[in-house]
Amino acid sequence: MPGGVKAMSSEYGQQPLRVARHAVLAELAVELTRALEADDPGDARGLVERGVTRVKWVLEFDRCTLALPEEPVSSDGSTGAPAGSASYSLSTLHEADDDADVVERAGIPLSDGIAGLVLRERKICLFEHPRTRVDADALTLVDTELRDDAVTGVIAAPLLGRGGAPLAALVFASRAAAGFSADDARYVAAVAQQLALVLERQALERRLRKAERAAAEQGAARSHAEQVAASAEAQRSEFENKRVSELLKSNAKLREEIEILARAKAELRQAKNAADAASRAKSAFLVNMSHELRNTLNAIIGYGEMLQEQAADEGYEDIIPDLGRICMSGQYLMSTIRDIIDMSKIEGGRVNLTLETFPVASLVQEVAAAVEPLIEQRGNKLDVQVDDELGSMRADLGKVRQVLFNVLMASSRLTREGEISVSVYRDMFRGRARFVFMIKDNGLGMTESQIMKTFATFSSDADASAAAGEPEGAANLGLAISRYFSEMMGGQVIVDSRVGLGSSFTIRLPANMSPV
């Protein structure tokens, strides 16, 4: 441990530390040799990581990163990056600070970073107080070592193979007040040399094993071919006439199959043309039907709302609930018509995204205000928990609105005289910001088989449909559309449900959707 290095140095002087380092170096050589002799020694990163784990006992450092050239091994069998190597990958092997960034990058130009410097120069580098001594204009810093104000010293060492070809590079960083010494740098150079020998031997042994397997396979194939050839030669005279006869029969059968295939191809072309025509007719019918139905439904909903207001003004309280059911049924039917049109567009591949920037909190409040009357018609209560400081999202506003609306309606269909809650938060996933919308209810819940059918187009469970009072397939069509729209925008919709305990719908969408 790093603390053990300090204790050893202060109590016994530098000589015991040097002895311990030589012992660790010897043990490292033995351990890596055994690893190479195993059936599966692992990749280059795993071998280097073993070495770094050993070095931690005798070298005080807080971070270690590994750089690997991305150029392929040359055809002559040599390893490492050739003189024209263009890039390398960088990954963290050890990090003492749990809050520090873990580096996993690829495609870094060889002209950038400490690792790129030692891979180019092929010599070890020791940086003392790097934040004040490294000219940032002369060295593009991609390494976290030199961008960390707490780092007091950096050792970067190349792992060189035969002929000086760089196989990899190790970068050690220290936050200790004393930083690194010249002895530390020399020890790291010795470790790098040991690891380079191991990596080169690993590459050689892999090529040897590959060559042995190839030779064995070629030998087996040659033996098999010789046996087949001998058997064929022995049977050639006996089966020659029979083969000619079979060939003639095969040719006749092949001509027949070609004719059948040609007829089938023509029939498929006709069927495709008919299907395309039917699809166009269906789309035209749906557009015309939706236009006519929407006009009529708007009139019904408008008259229903007007009659509700008039009944309230004139004191006819007993008919207001029935008028409300008329309006709610009209709204449900309008939503179903919209979903059918959307599904037709999805099946025809005619869905596009229109990106714009909008505040998330305002959108959630808008959708909640639109759906709340429909939720209350079932005796449910809607609880919306959204922070006005959530920020903005760049996505297709209409489709995000429709996804939230459809999922809220699905939750309402599964709940009677219960509670539905909506919460939103922002987090980071794989380096990208995203918004997570949680919609929970304490309604009927669903079985595992019902959950599997939840997002299936035009599919529903008879018991769930009957319990919710919905027509067959109505509950799932909106969810199928929501899942499709979410995936188009780079997100997902997940459902978790228990029978009798309610359901939880999770919508995850990127905060900033890039144009396709």
With the first residue restricted to the stretch 495-516 and required to be in a loop (DSSP other than H, G, I, E, B), and the second required to be hydroxyl-bearing (Ser, Thr, Tyr), Cβ contacts under 7 Å at 6 or more apart or on different chains are Val499/Thr447
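Kindly indicate whether any position in the stretch 367-385 is within 25 Å of the chain's Cα centre (by Cα) and either surrounded by 15 or more Cβ atoms within 10 Å (Cβ to Cβ) or modelled with pLDDT under 85 (or both). Even if it seems obvious, please write down each step before you answer.
As a first pass, look at the stretch 367-385 and keep what is within 25 Å of the chain's Cα centre (by Cα): none.
For the stretch 367-385, residues within 25 Å of the chain's Cα centre (by Cα) and either surrounded by 15 or more Cβ atoms within 10 Å (Cβ to Cβ) or modelled with pLDDT under 85 (or both): absent.
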Output for Cβ contacts, cut-off 6 Å, separation at least six or different chains, first residue in the same structural domain as Ala189 (by TED's automatic domain parsing) in the stretch 15-36, second β-branched (Val, Ile, Thr) and in a helix (DSSP H, G or I), reads Leu32/Val198
Within the stretch 322-336, does at least one residue satisfy the condition of being at pLDDT 75 or above, surrounded by fewer than 17 Cβ atoms within 10 Å (Cβ to Cβ) and polar (S, T, N, Q)? no
All conditions in (1) among the hydrophobic types (A, V, I, L, M, F, W, C); (2) surrounded by fewer than 19 Cβ atoms within 10 Å (Cβ to Cβ); (3) modelled with pLDDT of 70 or more; (4) outside any helix (DSSP H, G or I) are true of Ala67 except (2)
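Is at least one residue of the stretch 126-144 at pLDDT 85 or above, surrounded by fewer than 21 Cβ atoms within 10 Å (Cβ to Cβ) and small (Gly, Ala, Ser)? Even if it seems obvious, please write down each step before you answer.
Keep residues of the stretch 126-144 that are at pLDDT 85 or above, which gives 126.
Checking which are surrounded by fewer than 21 Cβ atoms within 10 Å (Cβ to Cβ) leaves us with 126.
Within this subset, residues satisfying the condition of being small (Gly, Ala, Ser) are none.
There is no residue in the stretch 126-144 that is at pLDDT 85 or above, surrounded by fewer than 21 Cβ atoms within 10 Å (Cβ to Cβ) and small (Gly, Ala, Ser).
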Quiz item: Mind checking whether some residue in the stretch 101-121 is touching a Leu at 6+ places or on another chain (Cβ under 6 Å) and at pLDDT below 85?
Solution: yes
Checked the stretch 161-218 for anything touching a strand residue (DSSP E or B) at 6+ places or on another chain (Cβ under 7 Å) and among the charged types (D, E, K, R); matches are Asp184, Glu200
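Select, from Met343, Met306, Met289, the only residue that is more than 16 Å from Lys399 (Cα to Cα) and modelled with pLDDT under 70. Spell out how you get there, then give the answer.
On the way: Met343 fails: more than 16 Å from Lys399 (Cα to Cα); Met306 fails: modelled with pLDDT under 70.
Unique residue meeting the criteria: Met289.
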ask   = Just wondering, is there one or more residues in the stretch 469-483 that are of a type in the set (S, T, N, Q), at pLDDT 55 or above and surrounded by fewer than 17 Cβ atoms within 10 Å (Cβ to Cβ)?
value = no
Taking the stretch 394-448 and the residues there that are over 17 Å from Thr357 (Cα atoms) and of a type in the set (Lys, Arg), the one that is modelled with the highest pLDDT would be Lys440
Of the residues in the stretch 172-209, those that are in a helix (DSSP H, G or I) and of a type in the set (Ser, Thr, Tyr) come to Tyr187
Of the candidates Phe180, Phe172, the one satisfying the condition of being touching a Phe, Trp or Tyr at 6+ places or on another chain (Cβ under 7 Å) and in the same structural domain as Val48 (by TED's automatic domain parsing) is Phe172
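Kindly provide the set of residues from the stretch 176-208 that are touching an Asp or Glu at 6+ places or on another chain (Cβ under 7 Å) and farther than 18 Å from Trp57 by Cβ, ordered by number. First the steps, then the outcome.
Restricting attention to the stretch 176-208, the residues satisfying the condition of being touching an Asp or Glu at 6+ places or on another chain (Cβ under 7 Å) are 176, 179.
Listed by number, the list holds a single entry, Gly179.
Could you list, in sequence order, the residues of the stretch 194-244 that are among the aliphatic types (A, V, I, L, M), under 24 Å from Glu31 (Cα atoms) and at pLDDT below 80? Steps first, please.
Start the filter on the stretch 194-244 by keeping residues that are among the aliphatic types (A, V, I, L, M), which leaves 195-199, 203-204, 208, 211, 214-216, 220-221, 225, 228-230, 232, 234, 244.
Next, only the ones that are under 24 Å from Glu31 (Cα atoms) stay: 195-199, 203-204, 208.
Scanning the stretch 194-244 gives a single hit, Ala203.
Going through Ser449, Ser412, Ser421 one at a time, which residue ends up being without any contact (Cβ under 8 Å) to a residue 24 or more places away in the chain and of a type in the set (Ser, Thr, Tyr)? Steps first, answer last, please.
Details: Ser412 fails: without any contact (Cβ under 8 Å) to a residue 24 or more places away in the chain; Ser421 fails: without any contact (Cβ under 8 Å) to a residue 24 or more places away in the chain.
Result: Ser449 is the single residue among Ser449, Ser412, Ser421 that is without any contact (Cβ under 8 Å) to a residue 24 or more places away in the chain and of a type in the set (Ser, Thr, Tyr).
Quick check: is even one residue across the stretch 217-232 within 40 Å of the chain's Cα centre (by Cα) and either in the same structural domain as Cys125 (by TED's automatic domain parsing) or surrounded by 10 or more Cβ atoms within 10 Å (Cβ to Cβ) (or both)?
Within the stretch 217-232, the first condition is being within 40 Å of the chain's Cα centre (by Cα), and the residues that meet it are 217.
If we keep only those that are either in the same structural domain as Cys125 (by TED's automatic domain parsing) or surrounded by 10 or more Cβ atoms within 10 Å (Cβ to Cβ) (or both) too, we end up with 217.
There is at least one residue in the stretch 217-232 that is within 40 Å of the chain's Cα centre (by Cα) and either in the same structural domain as Cys125 (by TED's automatic domain parsing) or surrounded by 10 or more Cβ atoms within 10 Å (Cβ to Cβ) (or both).
The values are calculated or read from the model by the stated rules, or taken from the named source; none is laboratory data. Predicted model only: the values in this text are computed from it and were never measured. Virtual Cβ from ideal backbone geometry, glycine too; neighbours counted across all protein chains shown.
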